[in-house]
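See below for the structure under consideration.
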Amino acid sequence: MKIKKIKLFFLFAIWFFLFPFFTVNAQIVVFPIRDLTTFPPGIDLKLSSEIAVALKNRGSIVISGDKLYEKLGEKGIFATGRLNIPKITVAYELNGATALWGTKIEVDKKKHLYGLVLFATSIPEGKTFWSKVFYYQPEERFLDIGNGFSIKEMQNYIVSQISALFPERMMLQEKKVSGLHIEHFSITPRYVRTGEPVSILLKPTGKLARQEVVIHVDGKSIVLRKIDGDYEGLYLPRLKDGKYPVYMILNGKKIYLDELTVDNKPPAVYLELKGFKKFGKIDYLPGKLFINAGLKEPDSILHWNLMIENEDGDVVFKKFGYGAPILSFNWNPLKANISQGIYEMKFIVTDIAGNKAVLKKRFYYFYDIPAPKLKIYRDEKGNTVLFIGEVKIPTEIEKIKIMVYSPKGYPIGKSELNSLPAEITFKTKYNGLKVRVFMEDSIGNKLEKIYEPKVKSYKDIMEERGWVEDF
Amino acid sequence: MKTSKIFALLFCLIFILGGCASSPVNGGDKGYVKIFRKEKIDPCKVAVMPFKNEVKTDANAGEKVANIVYSAFVSAGVDVVLPGEVNNLMVGRHFFPYQNIPDTFLLFLRNNMGVGLVVAGRVIEYKPYGGGSRYPEIKIWIEGISTKTGRRVFTGYIVHRGDDYRKILEFGVVKSVARLLFVSTDELVKKLQEAGIKCLEKR
């Protein structure tokens, strides 16, 4: 009896000590299978759960379904995407040893086709160590009889293959993440001016005991402190213009993290304008303006802005965009329906670091000399009166020549005026006349027009003016 | 006797017709996997970029092909960067499949992830099995870029159709695109190994 008891005790002891080694064996985390047979891509939950069940039946410990989705949801990770390090981290936190993931490539009910790629990735190293393409196609038989599976049959066939072939990694002891694994690193902004603060964020995988982490920018070390499990820090770059690698020294090895660009130079910009005429120091615009603008040197541009303002500061025309500007277009002030006056064009280009380049151009805008109003009528005494209305232009009118012809074209008379409005009185018997008006202003704008007015009677003109008398 | 003669004739006819079916219609352009330019390199880690999709009928063709190429490299024992990770890096650096890869991206892959070779490409044709004589068809352009020099190490072209593997009648014909891709990418990896892309041989 005693011997039996001792034997039993020993057996119990052996079972008790070896138990943990047997229990902690392969743990497969089954990520939902990505479905590429639909657009946009989705996930095939049914297939994933079937694979999980098949692996469970085989004897592996499987983590899948709600347990996995809850954990993914906690971290704010979509189950639909491709496998990446955050998902590996989730699998690690669930004590997984292998991540199963894959994509469904083809399903054809009519032609009896099914295709699937599966991968096995080690946790937490994130190395994909096994992969296989599973497919089903109808086996060719003589005379092609009795061929083809239904979708469910094909699926079952492939799932059974997976459960037979998927590798198992034994996990005899709990793993530890060696050193520091970086899940996420960011510098914002990546383009700065000297002296502007840069915030740095480093997220490690798992939980680390360290209170601070040191990174380097151009040989200068920056200490990141632990806040809520992540490492954060601020840095004021006192550096010259240029690109500086951001790195970290881990186990004597330089790990390149990102790049910081210091830029104090405003972008080199050009603005070419064609269509102006010069009058002394004034540029004036008689018609269309051809605008040509861009960068002299390549630069990373955030956005640009081209606008034309009037004297009150109201924007008459605006064009803007993101990225490097390439502008070449005609601007027609007549279509813009603007009044005459002084305008200013501004071209502002801002690069990513925040440096601005501003180009300005002031100009006058007026139309060509507008044609004046012209009337011919008879006065009280029976003389013919030629009336020429006023013309409003910013420049002065230097020459005004008027020639009067008979309806058949014989010259009757001509005169030169100094200013407008004006009246010329002469004698004719014609009821209609031809009048040629020629004007030139101080800049050289010219107007030449031939009028063919009818001579109005004294009564008509008086009525037009609003004087109604009894005749 | 008569019936036996008719049977014999029928048998002969089937044989003749069968012979017609087994001879490839276009003997000249049978599928191939070719590597055009090659430079010896020993990448111990590979990053497979998403493939550019030039197929109008299937919007996911690029990702499908990239997945199988990924699988082929994994099966050959090469360490490959996780596809989600490559995608994240691309999004962060604002560039799209089959565009010029920025220098900083290559530098990042080399220094931070130990990647030696970046594989990119585009899917020119991707036709699934359509029944009858329309066998699945693929045309893929693929290229490898060294992260050290930033130059192309190899360029290759995969052209295959389901009936390239025909033995006799319909036997041996590949109808599943997944299988066709699998077979041809396997061929590609073998050819790369032959061409002296070293680390693929190492394990």
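The values are calculated or read from the model by the stated rules, or taken from the named source; none is laboratory data. The model shown is predicted, which means the values in this text are computed figures rather than measured ones. All Cβ positions, glycine included, derive from the backbone under ideal geometry; neighbour counts span all protein chains shown. Areas reflect the complete protein model, heavy atoms only, side chains present, ligands, DNA and RNA absent. Shrake-Rupley method; radii C 1.70, N 1.55, O 1.52, S 1.80 Å.
Assorted remarks:
- What separates the Cα centres of region A:395-471 and region B:127-203 is a distance of 89 Å.
- Take every pair of alpha-carbon atoms less than 8 Å apart whose residues are at least six positions apart; their mean separation over the length of chain A yields a relative contact order of 8 percent.
- Among the listed pairs A:Lys132/B:Lys64; A:Lys375/A:Lys414; A:Lys109/B:Lys30; A:Lys281/A:Lys361; A:Lys203/A:Lys254, those whose Cα-Cα separation exceeds 20 Å are A:Lys109/B:Lys30.
- Karplus-derived 3J(HN,Hα), 6.51/-1.76/1.60, for each residue of region B:121-130, Hz, glycine and proline x: x, 9, 9, 8, 9, 8, 10, x, 5, x
- Computed from the Cβ-Cβ distance with R0 of 45 Å, the FRET efficiency linking A:Lys127 to B:Glu170 stands at 0.65.
- In the assembled protein chains, A:Lys373 presents an accessible area of approximately 150 Å² (probe radius 1.4 Å).
- Ranked by how many other beta carbons lie within 10 Å on average, peptides B:60-69, A:268-277, A:92-101 from highest: B:60-69, A:92-101, A:268-277
- Summary of packing: across the peptides B:175-188, A:233-246, the per-residue average of other C-beta atoms within 10 Å ranks them, highest first, as B:175-188, A:233-246.
- In range of the label at A:Lys67: residues from region A:116-132 whose backbone nitrogen is under 17 Å from the point 7 Å along Cα→Cβ: A:123
- With R₀ set to 41 Å, the beta-carbon distance separating A:Val315 from A:Thr80 gives a calculated FRET efficiency near 0.35.
- Cα→Cβ-extended label distance, 7 Å offset, between A:Arg193 and B:Phe36, nm: 4.9 nm
- With a simple spin-label model that places each label point 7 Å from the Cα along the Cα-to-Cβ direction, the separation between B:Cys44 and A:Asp228 comes to 3.8 nm.
- A simple spin-label model places the labels of A:Ser415 and A:Asn264 7.2 nm from each other, with each point 7 Å out along Cα-to-Cβ.
- Of all aspartates and glutamates in the structure, those lying under 16 Å Cα to Cα from B:Lys139, and not within fewer than 8 positions of it along the same chain, are B:Asp29, B:Glu54, B:Asp58, B:Glu63, B:Glu125, B:Asp163, B:Asp164, B:Asp186, B:Glu187.
- Cβ-Cβ FRET estimate between A:Leu327 and A:Ser457, R0 fixed at 51 Å, reported to 0.05: 0.30
- Scanning chain A for long hydrophobic helices, with DSSP H runs required to stretch 30 angstrom or more by C-alpha along their axis and to average at least 0.0 on the Kyte-Doolittle scale, returns A:2-23.
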